[in-house]
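Colleague: Please read through the structure below; I'll follow up with questions.
The values are calculated or read from the model by the stated rules, or taken from the named source; none is laboratory data. Owing to the predicted nature of the structure, the values given are computational and were not obtained by experimental measurement. FYI the Cβ positions are ideal-geometry reconstructions off the backbone, even for glycines, and counts take in every protein chain you see. The accessibility values were calculated without ligands, DNA or RNA, using every heavy atom of the protein model including side chains. Shrake-Rupley method; radii C 1.70, N 1.55, O 1.52, S 1.80 Å.
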Amino acid sequence: MLWWENRFLSVRGQKLYLGETAASAFAEKYGTPLFVYSRAQILANYQKLRAAFAGQTDAEVRICYAMKANFHRRILKIFKAADASIDAGSPGEVRAALDAGFPPEKVLFTGTSVSADDLRKVFAVDGLTVNIDAIEQLEVMKNVRDRWFKNKKIRVSIRWNPGIGRGFNPKVITAGKQSADGTPIKFGIEEAKVLAAFEKASASGFNPVGLHQHLGSGWVKEDFPMVVGAVDKMVLKSAELQRKGFPLEFLDFGGGFGPRYIKEQKPFPVEQYARYICRQVRRSSLKIQAVVVEPGKFLVADGGALLVRVEYVKESYGNLFACVNGGTFNTLPRPAIYARAFHEIVNCSRVNGGRKVPVTVAGNLCETGDVFGKEIMMPVPKPGDILAILCAGAYGRSMASNFNLRPIPREIII
Ligand code: LLP
């Protein structure tokens with residue numbers, strides 16, 4: 001068995017199967033490029049996370065699916081049916097979650113650079129919780145509430161920046177002072193201002209119900225010690241807030257735990273993480289109703305594959321390219337925009353067979369970085385072969401653009 005085989009992906013003979021169907025059959029029927037998502041694998045990921053928390057705490061465990069990872073309506077419906085909650089990053093995402101049937105009580109809106117217009121849209125949704133990104137945002141919130149929703153008691157939480165961030169790439173480290181490449185980090189409220197933010201929220205007539213943090217994205221095993229350090233900080237800060245008279249209903253530890261994208265990565269120990277969170281909450285003096293996590297990629301990444309067709313194989317200066325009929329920016333921009341965003345790529349009709357050589361899988365856009373994988377070891381593909389780019393269920397279509405006026409691919413769910 002290959003390390004990436006799961007409920008969705010399997011190898012039979014030399015062929016890649018998606019569920020019970022050969023990947024090439026989907027390519028033939030629906031055309032390429034094509035996203036195929038697996039309901040069974042997505043649900044299995046969700047159940048795995050639920051099981052990790054089971055029996056660890058008396059508090060309710062809320063799994064808020066970070067829908068920025070993949071907002072396909074039917075994927076939202078899978079999570080709705082599984083009783084998940086939603087992390088929405090914009091009024092558009094809030095709308096899509098409500099349209100998919102999520103009750104407002106299960107939606108947390110976490111915005112950044114939030115406008116008065118955004119606030120007006122989200123305040124109109126009764127029961128939703130608004131996560132505050134800046135103490136400075138409270139003034140605008142108050143004005144919007146007083147103008148359009150006089151006397152409405154709006155549920156809010158505070159997104160703090162605990163000073164510790166972690167992610168696979170500097171662009172997705174979301175806490176700390178600066179990212180690994182020196183970019184100042186825009187998210188959340190610094191530690192010294194957290195109490196003032198709670199006080200100001202209360203004094204402004206909002207109902208503060210939670211503390212939230214999100215450290216970054218794409219953790220593997222080595223990230224565990226740093227990440228649990230931030231869990232400790234969060235628990236201490238929450239206990240302090242409760243002592244000061246803020247009866248927190250929930251602690252939201254954010255998302256970030258990665259799926260395994262390539263063989264060399266050691267997966268993040270999710271069970272251990274769930275146990276750690278629950279133990280620290282239990283040992284503290286905290287009285288809370290719910291522990292919240294907000295994963296995106298953990299839930300959907302390995303439940304998706306992108307199929308592309310090889311148009312021709314080209315050799316230039318000793319480089320071998322499989323030139324395919326899709327571009328990264330229009331399908332799965334990750335390998336083009338983040339250093340170290342690796343995806344396994346397999347030939348659907350010859351997964352294992354033949355002598356392997358380094359092949360660069362190049363897209364059809366006018367940009368050198370438009371490669372799905374650099375020098376991937378695989379048998380030399382032939383024109384017409386279908387390649388599957390694995391672990392493509394998260395931050396693919398949701399980040400895709402129409403660069404070069406190339407279309408965004410079709411998506412199917414099996
Ligand atoms: N909660 C908040 C507030 C977030 O900003 C994010 C992601 C998540 C939860 C979910 O993080 P996850 O569990 O998916 O790591 N485009 C990048 C990932 C950016 C994530 C940004 N925030 C990528 O393709 O790797």
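Colleague: Among the residues of region 290-334, write down those that are open to solvent by 10 Å² or more (accessible area, probe 1.4 Å), without any contact (Cβ under 8 Å) to a residue 60 or more places away in the chain and under 19 Å from I386 (Cβ atoms).
Modeller: Of everything in region 290-334, those that are open to solvent by 10 Å² or more (accessible area, probe 1.4 Å), without any contact (Cβ under 8 Å) to a residue 60 or more places away in the chain and under 19 Å from I386 (Cβ atoms) turn out to be K314, F321, C323.
Colleague: Still on this structure, I have one more. How many residues does region 41-85 contain that are away from the ligand (no atom under 16 Å from the Cβ), basic (K, R) and without any contact (Cβ under 8 Å) to a residue 40 or more places away in the chain?
Modeller: So the answer is 3.
Colleague: Name the single residue, out of those in region 115-149 being over 18 Å from N207 (Cβ atoms) and not charged (D, E, K, R), that is surrounded by the most Cβ atoms within 10 Å (Cβ to Cβ).
Modeller: Step one: filter region 115-149 for residues over 18 Å from N207 (Cβ atoms), giving 115-118, 120-121, 134, 136, 147.
After this cut, where a residue has to be not charged (D, E, K, R) as well, the list is 115-116, 134.
Numbers: S115: 12, A116: 13, A134: 20.
Out of the qualifying residues, it is A134.
Colleague: Further question on the same structure: How many residues are without any contact (Cβ under 8 Å) to a residue 24 or more places away in the chain and in contact with a helix residue (DSSP H, G or I) (Cβ under 7 Å, 6 or more places away or on another chain) if we restrict to region 127-164?
Modeller: 0
Colleague: Regarding F224, is this residue part of a helix (DSSP H, G or I) and either surrounded by fewer than 24 Cβ atoms within 10 Å (Cβ to Cβ) or within 13 Å of the ligand (Cβ to nearest atom) (or both)?
Modeller: Values: part of a helix (DSSP H, G or I): yes; either surrounded by fewer than 24 Cβ atoms within 10 Å (Cβ to Cβ) or within 13 Å of the ligand (Cβ to nearest atom) (or both): yes.
Yes; evaluated as a whole, the condition is true for this residue.
Colleague: Mind checking which residues of region 158-179 are within 20 Å of the chain's Cα centre (by Cα), of a type in the set (G, A, S) and away from the ligand (no atom under 11 Å from the Cβ)?
Modeller: Correct list: G165, G176, S179.
Colleague: In region 361-400, how many residues are part of a strand (DSSP E or B), within 16 Å of the ligand (Cβ to nearest atom) and of a type in the set (G, A, S)?
Modeller: Number satisfying all stated conditions: 1.
Colleague: When the residues of region 335-355 are filtered to those that are open to solvent by less than 40 Å² (accessible area, probe 1.4 Å) and more than 16 Å from the ligand (Cβ to nearest atom), which remaining residue is nearest to G373 (Cα to Cα)? Steps first, please.
Modeller: Going through region 335-355, the residues open to solvent by less than 40 Å² (accessible area, probe 1.4 Å) turn out to be 335-336, 338, 341, 343, 345-348, 351, 353.
Then drop every residue that is not more than 16 Å from the ligand (Cβ to nearest atom), which leaves 345-348, 351, 353.
Details: I345: 7, V346: 11, N347: 13, C348: 16, V351: 16, G353: 19 Å.
Restricting to residues being open to solvent by less than 40 Å² (accessible area, probe 1.4 Å) and more than 16 Å from the ligand (Cβ to nearest atom), the top hit is I345.
Colleague: Given (1) under 15 Å from G254 (Cβ atoms); (2) in contact with a Pro (Cβ under 9 Å, 6 or more places away or on another chain); (3) of a type in the set (K, R), identify the lone condition not met by R166.
Modeller: (2)
Colleague: Go through region 118-139 and count every residue that is among the β-branched types (V, I, T), under 30 Å from L236 (Cβ atoms) and more than 16 Å from the ligand (Cβ to nearest atom).
Modeller: Residues in region 118-139 being among the β-branched types (V, I, T), under 30 Å from L236 (Cβ atoms) and more than 16 Å from the ligand (Cβ to nearest atom): 1 in total.
Colleague: List the strands (runs of 3 or more DSSP E) inside region 17-100, counting only whole elements, that have at least 1 residues being acidic (D, E), at pLDDT 95 or above and open to solvent by less than 20 Å² (accessible area, probe 1.4 Å). Break it down stepwise before answering.
Modeller: Working: elements: 34-37, 60-66, 85-88.
Where strands (runs of 3 or more DSSP E) fall fully within region 17-100 and carry at least 1 residues being acidic (D, E), at pLDDT 95 or above and open to solvent by less than 20 Å² (accessible area, probe 1.4 Å), they are 85-88.
Colleague: Examine region 258-273 for a residue that is more than 16 Å from the ligand (Cβ to nearest atom), surrounded by fewer than 19 Cβ atoms within 10 Å (Cβ to Cβ) and outside any loop (DSSP other than H, G, I, E, B), and state whether such a residue exists. Working first, answer last.
Modeller: As a first pass, look at region 258-273 and keep what is more than 16 Å from the ligand (Cβ to nearest atom): 263-264, 266, 271-272.
Next, from what is left, pick out any that are surrounded by fewer than 19 Cβ atoms within 10 Å (Cβ to Cβ): 263-264, 266, 271-272.
From the residues that got through so far, the ones that are outside any loop (DSSP other than H, G, I, E, B) too are 271-272.
Looking for residues that are more than 16 Å from the ligand (Cβ to nearest atom), surrounded by fewer than 19 Cβ atoms within 10 Å (Cβ to Cβ) and outside any loop (DSSP other than H, G, I, E, B), one finds at least one in region 258-273, hence yes.
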